Amino acid sequence: MVRIANILLFSAFLFVSPAVFAQPKGLPSDEALLDRVQQETFNYFWEGGEPVSGAARERIHEDGIYPHDDADIVTSGGTGFGIMATVAAIERGFITRKAGRKRLQHLAEWLKKADRFHGAWPHWMHPSGRVKPFSRYDDGGDLVETAFLVQGLIVARQYFQGGNRQDRQLATLLDQIWKEVDWQWYTRGEHVLYWHWSPEHEWRMDFAVTGYNECTIMYILAAASPTHPVDPACFHEGYMRKGDIVSNESAYGYEAVLDHNGRGAIPVGPLFWAHYSFMGLDPRGLQDSYADYWHLNRNHALIHHAYCSSNPRGYAGYSEVCWGLTASYSITGYDAHHPSNDLGVITPTAALSSFPYTPDESMLFLRHIYEDHPEYIGKYGPYDAFSVESDWHLPRYLAIDQLPIPVMIENYRSGLIWDLFMSAPEIQEGLKKLDIQTK
């Protein structure tokens, strides 16, 4: 009966591990559960994507309530994550290679025609490809979101470039559009990269990206560009602040490694900092004079786990199996949760996208939410955030939270996305220019 029950429960998946049959009655194997969460979260992009563009919707609300009627607004960074998730989905057998290629071809052709500002895409776009202002002065190029998108373009280029004629045509288009990003423009002639530029407001946002955060990948790509590269001093003087970024702080016995921009008594930021730049960029063996990036990211996740397990604020629900703080929806709106800004809100992507760093702790969370809290699970996997303390959750998703999950889980399971991105010769050349060693 156990065998029959498990077969029925997971008949939707192409692979069912023999380990399923060794589980207690009613409980799936780890592999089957990983398949399930990867497929459900990938479907945010595959089934829930905006059909005109093929891009990732900024948000999907199962309750149908959207701010400012922007249910079809798409996001450039989330789309990059969706591209990487599509490659993982092909390899997992969730979709065919042909179907994945056709979707990405359609998307790439749309991206080529969409609004761009010195090669950079805006944060948000309408299905027509026209910019949707993210804020009053943010109506032009967003270099950070563009970097997240380009990370996906390079992964897909590497994946398809050795295939049939249609595959190679797609790879050629992906190669073309990422090389059109003018990273040099966004330096303003200085040794730093600026986040935004608008044709109407120009540099009004005036956001120079310095200090450790989610933007590491932007500096790697800017150095790696064969068409518009920036001087390595942008990374060393701008982002790394000539070494001032190195931290001697620690928490719960784990070194912070880098200064998380003064985040407080527990010196780490939200966990998406360990995810967004490292979906393609492989932190294993990645090190320079500032950090061992694997050590940095693993400790970041372990500090979050230790913090939620010790639960110094006494929030209901926090435990060794229920942990992880990052930017997400919150009780009073969007917020960047981390140990020094803890509102009692757990965001599933925090633990689930940390699978490569904390496989045991992340698996405990995955089982906890799927087995103990089915009310937090919807069509596209775990809802964006919840609070046991406040008896709060909404049936809503965000692209930048949902889509890192299938990618980072794939990196944990096979290293596929890391291997593809790191196989790009431009990336290896860029890392060499920045004096960053790889494994």
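Only the coordinates and a few stated rules stand behind these numbers; no lab work does. Note that this is a predicted model, so its numbers are computed, not measured. All Cβ positions, glycine included, derive from the backbone under ideal geometry; neighbour counts span all protein chains shown.
Put in order of Cβ neighbour count within 10 Å, fewest first, the listed residues Val192, Val345 become Val192, Val345.
Computed from the Cα positions only, the extents of the chain along the three principal axes stand at 66, 53, 46 Å, in decreasing order.
The packing ranking, built from the mean of other Cβ atoms within 10 Å per residue, places the peptides 39-49, 58-68 in the order 39-49, 58-68, highest first. Gyration tensor over the Cα atoms of segment 192-298: the corresponding equivalent ellipsoid has semi-axes (square roots of 5 times the eigenvalues, largest first) of 25, 17, 13 Å.
How high is the FRET efficiency from Ala316 to Lys379, r the C-beta distance, R0 30 Å, rounded to 0.05? Write down the numbers at each step before the final one.
On the way: r = 27 Å, r/R0 = 0.90.
It comes out at approximately 0.65.
Is the C-alpha gyration tensor of segment 51-205 telling us rounded, prolate or oblate? Criteria: a/c under 1.5 is rounded; beyond that, a/b larger than b/c is prolate, otherwise oblate. Note, shape of segment 51-205 comes out oblate.
Here the Karplus relation 6.51 cos²θ - 1.76 cosθ + 1.60, evaluated at θ = phi - 60°, turns the backbone of segment 211-216 into coupling constants of x, 5, 6, 7, 9, 3 Hz, with x for every Gly and Pro.
Could you run the Debye sum over the Cα atoms of segment 96-187, one equal point scatterer each and no solvent, and tell me log10 of I(q)/I(0) at q = 0.15, 0.18, 0.21, 0.22 Å⁻¹, two decimals? Scattering profile of segment 96-187, log10 relative to I(0): -0.58, -0.79, -1.00, -1.07.
Look at the Cα gyration tensor of segment 316-439: its axes a ≥ b ≥ c give a/c of at least 1.5 with a/b over b/c, and that counts as prolate.
Under the classification rounded if a/c is under 1.5, otherwise prolate if a/b is larger than b/c and oblate if not, where does segment 313-388 fall, given a ≥ b ≥ c as square roots of the Cα gyration tensor eigenvalues? Could you put the intermediate results ahead of the total?
Details: a/c = 1.44, a/b = 1.22, b/c = 1.18.
Rounded, since a/c falls under 1.5.
Along segment 316-327 the Karplus relation, 6.51 cos²θ - 1.76 cosθ + 1.60 evaluated at θ = phi - 60°, assigns HN-Hα couplings of 4, x, 5, 5, 5, 9, 10, 8, x, 10, 7, 6 Hz to successive residues, with x for each Gly and Pro. For Met240, the residues whose amide H sits under 5 Å from its own are Gly211, ignoring neighbours fewer than 5 places away on the same chain, with H placed 1.01 Å from N.
Report, in listed order, any pair from Lys102/Lys379; Lys102/Lys132; Lys379/Lys439; Lys98/Lys379; Lys98/Lys432 with a Cα-Cα distance greater than 28 Å. The pairs that break the limit, which is 28 Å between Cα atoms, are Lys379/Lys439; Lys98/Lys432.
Each Cα pair under 8 Å and six or more residues apart adds its sequence gap; the mean of these over the residue count of the chain is a relative contact order of 16 percent.
Determine the relative contact order of segment 151-257: mean sequence separation of Cα pairs under 8 Å and six or more apart, normalised by residue count, in whole percent. Show your work: numbers first, answer last.
On the way: 128 pairs, mean separation 22.6, N = 107.
About 21 percent, as a whole number.
The value of relative contact order for segment 303-425, using C-alpha pairs under 8 Å at least six residues apart, is 23 percent. Taking the Cβ of Glu62 as the center, what net charge do the other residues with Cβ under 14 Å away carry, scoring Lys and Arg +1 and Asp and Glu -1? Around Glu62, the surrounding residues sum to -1.
Taking 0.36 nm per residue of sequence separation and removing the Cα-Cα distance, the Ala99/Asn341 pair yields an extension gain of 82.9 nm. Ignoring aspartates and glutamates fewer than eight residues from Lys113 along the same chain, the ones with Cα atoms less than 19 angstrom from its Cα are Glu50, Asp72, Asp139, Asp142, Glu145, Asp175, Glu180, Asp182.
In order along segment 304-310, the phi-based Karplus estimate (6.51 cos²θ - 1.76 cosθ + 1.60, θ = phi - 60°) of 3J(HN,Hα) comes to 4, 5, 5, 4, 5, 5, 6 Hz; Gly and Pro are listed as x.
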